[in-house]
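Below is one structure; the comments refer to it alone.
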């Protein structure tokens, strides 16, 4: 089986997840391409070397240019801060190397648009790392919608809610500086991506974006610092299909740890999903006998997409890391078959457009059309 050298820019939270996924994906999905962890890049030589030893890379560097230009590195995973995404992707595409980029693509809409231009002009395989929509449960929901199981969709409600900054005494950190690191740059893109995957393009929206805790203490000095990004946001949306909906995202939602959830109502039934119970889909069918009506819990199992390679037992479930492994499989297949696999950079740009529209809508306090962005 042919091997492919993998280089990962960034060795932290997501860098580790991608390294583990690339180490595992060949055995789980028996992919044609077998990844080899060639090089990891971090901000310092010491941290890069620590990641190399921990994850099993052949080499380490503190210079992403060295990683991208290394001939043994044949595909690039960008898991570094958003401010680095454009320049790393540009260098990789210039060398004809496939890129899997963590979301959101660029630090701004302009950067995301430039990344799409570079990807399309190069003709090289490209993907954006939206992992949550890849659970067997959410893939199954997409099938249910395609098959018309709940009829014509009339309503969508989606949320991505967490509480890692719900405590007002939590000190200022990198997450409280710059819009790219705020709720609209961090959490909102995930549930917007889900909405686009499940419902199709958004035509127009009206948004409200708010910073709940406008100042936080510096962890070292105790002095108050301004928070320069948002804590939560809501959007009323109208999809191009005509369906109306609502999207909410928050990093100050007390009690929510991974509240990536959605409800979809149709003319023949409804669907519910919550990532905190990621191995279950709740389905309501109006044509059930009256005595049997109510939401039915469907546990994921071997009959659902991308589940069987992990486990032969229904109800045993998959976890967070498994989403990244599924993502790795899709990326490798896209490279091997030279076929685009959703979501490409262009699909990532669609998310960025919705984010930009929402921020502008909140500032102008009016409905705006996404296509204008």
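Which one of these is under 26 Å from residue 112 (Cβ atoms), touching a residue at least 12 places away in the same chain (Cβ under 8 Å) and surrounded by 20 or more Cβ atoms within 10 Å (Cβ to Cβ): 186, 208?
Working: 208 fails: surrounded by 20 or more Cβ atoms within 10 Å (Cβ to Cβ).
Answer to the check: 186.
Any residue that is within 23 Å of the chain's Cα centre (by Cα) and at pLDDT 95 or above - is there at least one of those in the stretch 286-298? No: the stretch 286-298 contains no residue that is within 23 Å of the chain's Cα centre (by Cα) and at pLDDT 95 or above. When residues in the stretch 322-340 are screened for being exposed (fewer than 14 other Cβ atoms within 10 Å of the Cβ) and touching a helix residue (DSSP H, G or I) at 6+ places or on another chain (Cβ under 9 Å), 1 of them pass.
Consider residue 365 carefully, then state whether it is surrounded by fewer than 17 Cβ atoms within 10 Å (Cβ to Cβ) and on the phi > 0 side of the Ramachandran plot.
Details: surrounded by fewer than 17 Cβ atoms within 10 Å (Cβ to Cβ): yes; on the phi > 0 side of the Ramachandran plot: yes.
When the stated conditions are applied, residue 365 passes them.
Going through the stretch 121-137 one residue at a time, which ones are in contact with a helix residue (DSSP H, G or I) (Cβ under 7 Å, 6 or more places away or on another chain) and touching a residue at least 60 places away in the same chain (Cβ under 8 Å)? Correct list: 125, 126, 127, 128, 129, 130, 131, 132, 133, 134, 135. Looking across the stretch 163-185, the residues that are closer than 12 Å to residue 233 by Cα and in contact with a helix residue (DSSP H, G or I) (Cβ under 7 Å, 6 or more places away or on another chain) come down to 184, 185. Here residue 96 meets the list (1) on the phi < 0 side of the Ramachandran plot; (2) at pLDDT 95 or above; (3) in a loop (DSSP other than H, G, I, E, B) almost entirely, failing just condition (1). Right, residue 304: outside the structural domain of residue 111 (by TED's automatic domain parsing), surrounded by fewer than 18 Cβ atoms within 10 Å (Cβ to Cβ) and more than 20 Å from residue 129 (Cα to Cα) or not? Answer is no for this residue.
Scanning the stretch 211-249 for residues that are more than 22 Å from the chain's Cα centre (by Cα) and closer than 15 Å to residue 188 by Cα gives a single hit, 211.
Among the conditions (1) in contact with a helix residue (DSSP H, G or I) (Cβ under 6 Å, 6 or more places away or on another chain); (2) in contact (Cβ under 8 Å) with a residue 24 or more places away in the chain, the only one that residue 60 does not satisfy is (2). Quickly run through the stretch 345-362 and pick out the residues that are in contact with a strand residue (DSSP E or B) (Cβ under 6 Å, 6 or more places away or on another chain) and either under 18 Å from residue 198 (Cβ atoms) or buried (at least 24 other Cβ atoms within 10 Å of the Cβ) (or both). Result: 345, 348, 354, 357, 358. Would you say residue 157 is closer than 23 Å to residue 240 by Cβ and modelled with pLDDT of 95 or more? In short, yes. Checking each residue in the stretch 99-116 for being at pLDDT below 95, out of contact with any strand residue (DSSP E or B) (no Cβ under 9 Å at 6 or more places or on another chain) and crowded, with 23+ Cβ neighbours inside 10 Å picks out only 106.
The values are calculated or read from the model by the stated rules, or taken from the named source; none is laboratory data. None of the values given here were measured: they were computed from a predicted structure. When we count neighbours, we look across all protein chains shown, and the Cβ atoms used for this are built from the backbone with ideal geometry, even at glycine.
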